[in-house]
C-alpha cells in the first residue's frame, strides 16, 4: 500500500513521553484503524492496515504476527523472519 493511502486520525505524546499515531486506511483495508506507538523505553508496537502486528520490546526481541492464515515469528537482536501458512520464509 502506498504511503498516501491513509488519513491521519490522531497523534500525540502522552505525559510519560510515549508517542502514538492513528491512521484510517479506508473501508478496503483489513484493519481500517491502524496505529502505532513508541515508548521511551525503546519498545514499539504497530497494528497495520493489512491486519498484521509487530511488537519490539526495546531489548532485542520482536514478534511479528501476519494477517490471518500465517504463523507468528519471534526474533532477537533486531533479526526477525516470518513465514506464510505454508511455512515458507519471507
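Could you tell me whether residue 25 is modelled with pLDDT of 95 or more and surrounded by 14 or more Cβ atoms within 10 Å (Cβ to Cβ)?
It is false that residue 25 is modelled with pLDDT of 95 or more and surrounded by 14 or more Cβ atoms within 10 Å (Cβ to Cβ).
Looking at residue 65 and the list (1) surrounded by 17 or more Cβ atoms within 10 Å (Cβ to Cβ); (2) out of contact with any strand residue (DSSP E or B) (no Cβ under 7 Å at 6 or more places or on another chain), which single condition is not satisfied?
So residue 65 meets the others, but not (2).
Report whether or not residue 15 is in a loop (DSSP other than H, G, I, E, B) and in contact (Cβ under 8 Å) with a residue 40 or more places away in the chain.
No, not satisfied.
The values are calculated or read from the model by the stated rules, or taken from the named source; none is laboratory data. If you're wondering where the values come from, they're calculated on a predicted model, not measured in any experiment. Reconstructed Cβ throughout: ideal geometry from the backbone, glycine too, with neighbour counts over all protein chains shown.
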